[in-house]
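Notes follow once the structure below has been shown.
The values are calculated or read from the model by the stated rules, or taken from the named source; none is laboratory data. It should be emphasised that the depicted structure is a prediction, and the values quoted were computed from it without experimental measurement. Methodologically, a virtual Cβ is constructed for each residue, glycine included, from the backbone with ideal geometry; neighbour enumeration extends over all protein chains shown.
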Amino acid sequence: MIQKADSVTTPPAIRVCCDMPGFIADWRRCDHLSNFLAEALNLIKADPFAFANMLSTVINEVLETIFYHNAGRGSLTLALSEEDAVTVLRAEFAVDDSDRSLYERIVTTLAAHDPVALYEQLLFQVSSVDTRDICLYEIAADYGARLTLENGSQPGLICLVVRISLNNCLKTEAENN
Amino acid sequence: MSAHPHITFDEQRQELILAGTWLPRDSAATFTARNIMNSAASSVRGMLYINCKRLLRINSPAFSALLDMLCWIEENRSDLHVKIIVSSAIPWAEKRFRVVIQMLGKNFSVEQYDKQFYPGQAAVEDASFIPVLQTQAKIIWEQERHILPRHGLTPQMKVADICCGIGSFAMQVARHFAPKTVVGVDHAQPALAYARHLAHEFCLSSLEFIYGDATNLLLADNRFDFVACRLALQIFDKPENILRELVRICRPGGRVYLINETYSRCFGYPSAEAIAWTYQEASGLYGALSMDLEFGPKMRCYMTEAGLKNIQVEPLMLTSCNTNGADFADVIRSWEAYAINQLAKNAGKDEAYCQRLREGFAAHVRSVTHEKGFGGWPIWAASGCKPG
């Protein structure tokens with residue numbers, strides 16, 4: 001379930017490290033950080049607005065999940081890179097056992113099932129499913145994001161890896177238009 | 001009207017307007033929004049519009065609040081139809097809403113409004129239109145560059161070029177007027193791709209080309225010193241909607257600058273009558289696509305009604321004496337090809353009609369290329385100041 005962290009082939013274009021208690025002290029940090037990262041990476045894009053809008057939406061969903069599911073200590077390290085036209089976000093942070101299980105369950109479930117069907121099912125069970133926990137399903141369903149878990153750089157840390165081909169998403173949108 | 005930072009309900013139009021970045025922390029933080037939405041859902045009759053044209057971002061708790069309202073409508077208001085209106089300029093929107101709508105049933109729909117908003121839009125967004133734009137841009141710029149300072153364009157300005165097409169004007173401004181920045185916006189992806197390619201190739205780094213809808217620009221209020229919109233209001237059937245946006249993004253004291261034609265008044269000698277007939281007819285064919293190529297003289301009226309002050313209008317006449325004849329002829333031939341191959345054929349015109357159109361265009365080409373001939377294309381330039 002947790003993979004070896006050996007897949008890093010390209011250095012991150014942007015790396016942000018912040019104090020986890022500081023991050024979870026203010027909900028708006030999810031928005032600020034997602035915007036900052038997306039804006040920083042969009043500088044090299046053909047349609048910077050569309051790219052940043054899509055990427056910040058995805059990163060925000062990831063950060064909102066982390067906001068609720070972390071150990072409340074240590075650091076949150078976010079590394080954003082591009083590997084073969086795939087945008088990769090690596091989020092490393094400390095978790096307790098229950099949150100580790102939650103991430104493992106989400107990643108395993110998404111790998112084994114159709115993300116769109118899963119998301120639709122969860123979306124209409126809002127009374128029994130916390131909306132805070134469907135963010136990761138949403139990005140897998142709507143944007144084709146692929147999620148994996150890797151061991152963190154130190155014991156007690158996990159690294160949530162989100163791979164997304166935004167160019168494909170944007171191309172599809174443009175073709176539909 | 002009920003209001004929330006991100007939600008407004010317009011009772012008269014039965015429209016819930018969602019805008020901005022709506023990222024509540026949890027379900028409890030959507031309480032006020034839910035009240036507004038529930039009140040709207042229970043009070044309207046027939047059709048409820050949910051306008052998401054400017055909804056930049058939304059998170060799961062917000063989306064869930066919206067979904068709860070939709071589910072409530074499905075269960076309790078079978079008489080009600082719901083139409084969610086999204087913009088193609090917001091890349092995530094249509095897909096995210098469509099997933100939900102597919103599960104809710106036939107009373108719910110998603111519409112990408114800027115896809116069908118303008119009847120003639122498809123024609124000008126086609127890649128085949130690029131050569132027409134390219135040749136026109138070249139000959140207009142030679143005259144236009146001289147009048148721009150009179151309309152307030154000076155160095156170090158923040159310039160917007162709305163409906164920028166292939167970006168020729170934006171690039172020329174970047175080259176000749178040393179702007180701080182130039183942002184071009186257009187709704188035609190092929191034209192934007194071309195514009196970005198050229199800007200990159202020519203190392204024009206102060207330029208940015210953005211996909212967007214001119215009637216709902218995702219640009220901040222009061223951001224630009226000089227807002228240009230050229231040969232564009234005339235091809236939309238609701239020019240006032242675009243003009244309102246041009247004024248909004250212009251800073252107080254800045255100027256909104258427009259150019260538009262009186263296409264039916266293209267003229268030439270000899271064969272003046274054949275030329276006049278052809279352009280009258282061609283203008284009518286564009287009119288059938290809800291394009292008003294006679295918009296030039298109407299600009300002052302529209303600008304005044306949009307609240308602009310100190311409005312200046314002047315002719316920007318292209319003639320065979322101030323324009324390279326061969327270039328002018330190329331432009332006329334591109335008009336001819338478009339008028340006959342697209343407009344006349346789509347309008348079901350017969351071959352005799354097309355032949356007569358051809359003769360007029362051919363006569364116009366002769367008038368601008370022959371050493372004794374004289375021909376022209378009347379365009380009008382106008383600008384107005386946004387009051388402080």
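Couple of notes before you dig in:
- All helices (runs of 4 or more DSSP H) inside region A:13-73 with 1 or more residues being within 11 Å of chain B (Cβ to nearest Cβ): A:28-42, A:48-68
- Within the option set B:Asp221, B:Asp237, B:Asp213, being in contact (Cβ under 8 Å) with a residue 12 or more places away in the chain, buried (at least 18 other Cβ atoms within 10 Å of the Cβ) and of a type outside the set (S, T, N, Q) holds for one residue only, B:Asp213.
- B:Gly360 vs. criteria at positive phi and over 24 Å from the mean Cα position of the chain (by Cα): no
- Elements of the type strands (runs of 3 or more DSSP E) sitting completely within region B:149-241 and holding at least 3 residues that are over 25 Å from B:Pro297 (Cα atoms): these cover B:181-186, B:207-211.
- Residue check, A:Thr87 away from chain B (no Cβ under 13 Å), in contact (Cβ under 8 Å) with a residue 40 or more places away in the chain and surrounded by 19 or more Cβ atoms within 10 Å (Cβ to Cβ): yes
- Condition broken by B:Asn260, with the remaining ones in (1) within 17 Å of the chain's Cα centre (by Cα); (2) polar (S, T, N, Q); (3) over 17 Å from B:Ala381 (Cα atoms) satisfied: (3)
- Filter result for B:Ile73 (within 30 Å of A:Asp133 (Cα to Cα) and modelled with pLDDT of 85 or more): yes
- Residue count for region B:97-119 under the criterion of being at pLDDT 85 or above and under 26 Å from the mean Cα position of the chain (by Cα): the result is 4.
- Looking only at residues of region B:371-388 that are in contact (Cβ under 8 Å) with a residue 40 or more places away in the chain and closer than 12 Å to B:Pro270 by Cβ, we find that the one that is surrounded by the fewest Cβ atoms within 10 Å (Cβ to Cβ) is B:Phe374.
Matching residues to (1) modelled with pLDDT under 90; (2) closer than 19 Å to B:Ser88 by Cα; (3) in the same structural domain as B:Thr215 (by TED's automatic domain parsing):
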| position | (1), (2), (3) |
| --- | --- |
| B:Gly20 | yes, yes, no |
| B:Ser27 | yes, no, no |
| B:Thr30 | no, no, no |
| B:Asn38 | no, no, no |
| B:Ala41 | no, no, no |
| B:Met47 | yes, no, no |
| B:Ile50 | no, yes, no |
| B:Arg54 | yes, yes, no |
| B:Ala62 | no, no, no |
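- The set of residues from region B:314-356 being assigned to a strand (DSSP E or B) and surrounded by 17 or more Cβ atoms within 10 Å (Cβ to Cβ) comprises B:Leu316, B:Leu318, B:Thr319.
- Within region B:69-99, tally of residues that are in a helix (DSSP H, G or I) and at the interface with chain A (Cβ under 7 Å from one of its Cβ atoms): 3
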